[in-house]
Amino acid sequence: MSGIRVLLVDDQALIRAGFRMILEETDDIDIVGEARDGIEAVRLSLELNPDVILMDIRMPVLDGIEATRRIVDRDGSARVLVLTTFDLDEYAFSALRAGASGFILKDVVVDELARAIRSVANGDAVVSPRATRSLLNVCASRLPAVGGENTAADAALAPLTSREREVLMAMATGLSNTEIADKLVVSEVTVKTHVSNVLAKLDLRNRVHAVIFAYEVGLVG
């Protein structure tokens, strides 16, 4: 097998079978295993070393949030794509904070699911800028953000230049790279460079985690 290696995790055998049938129709995605709960997912992620873990959230024994946290804590390069029933599900948000690379609805169309898996495999986050804005509007009240002067935030943001802080703040309000470029009057290529620098300096996995970080340290509230 030479395609993207995917581990399916869902407590319902029928759903796993459905996703397997759908994904096996693609030329570049290979199903390497299935898990029916979080414990099994953690074990198989270690044994099979998949490129992407398609993770259900609500499961017996160990839920997808804790399974995601254990997998990412053990292997920082692990890519978890969370399956959720409702858009902006609070559990999906918790999974993002646990280290997931994105979330997608269970009733997603085939092409969109395949694109999401490819994006996560490439290290990208599967939450659009507009969805990020909506997600954080709903969930920001749960984050320990503070306004005004914040010594902890200054320390956390110390590695960033003033321009990189501007870019991070713009990301945290849900702006796309194009919108950030227009706002700061720079090229989109320059914005992409700044985004990459922010992620590298703050040791963050993707722009979704950068946004959550900005709320947590109090850069935005």
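Could you please rank Ser119, Ser101, Ser162, placing first whichever residue has the fewest other Cβ atoms within 10 Å of its Cβ? Walk me through the numbers before you get to the answer.
Details: Ser119 18, Ser101 28, Ser162 7.
If I rank by nearby Cβ atoms, fewest first, I get Ser162, Ser119, Ser101.
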* Using packing as a proxy for protection, rank 23-30, 165-172 so that the peptide with the highest average count of other Cβ atoms within 10 Å comes first. => 165-172, 23-30
* Using θ = phi - 60° and the Karplus relation 6.51 cos²θ - 1.76 cosθ + 1.60, list the HN-Hα couplings for region 9-22 in order, rounded to whole Hz, with x at every Gly or Pro. => 10, 6, 7, 9, 4, 5, 5, 4, 5, x, 5, 4, 4, 5
* Residues whose placed amide H lies under 5 Å from that of Arg5, excluding near-sequence neighbours -> Asp30, Asp51, Val52
* Structure fact -> Phi angles of region 155-165, converted by Karplus (6.51 cos²θ - 1.76 cosθ + 1.60, θ = phi - 60°) into ³J(HN,Hα) in whole Hz with x for Gly and Pro, give 5, 5, 8, 3, x, 8, 6, 4, 5, 5, 5
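Values quoted throughout were computed directly from the atomic coordinates according to the rules given, and no laboratory measurement underlies them. Source: prediction; values computed, not measured. Quick reminder, even Gly has a Cβ in these numbers, built from the backbone with ideal geometry, and neighbours come from all protein chains shown.
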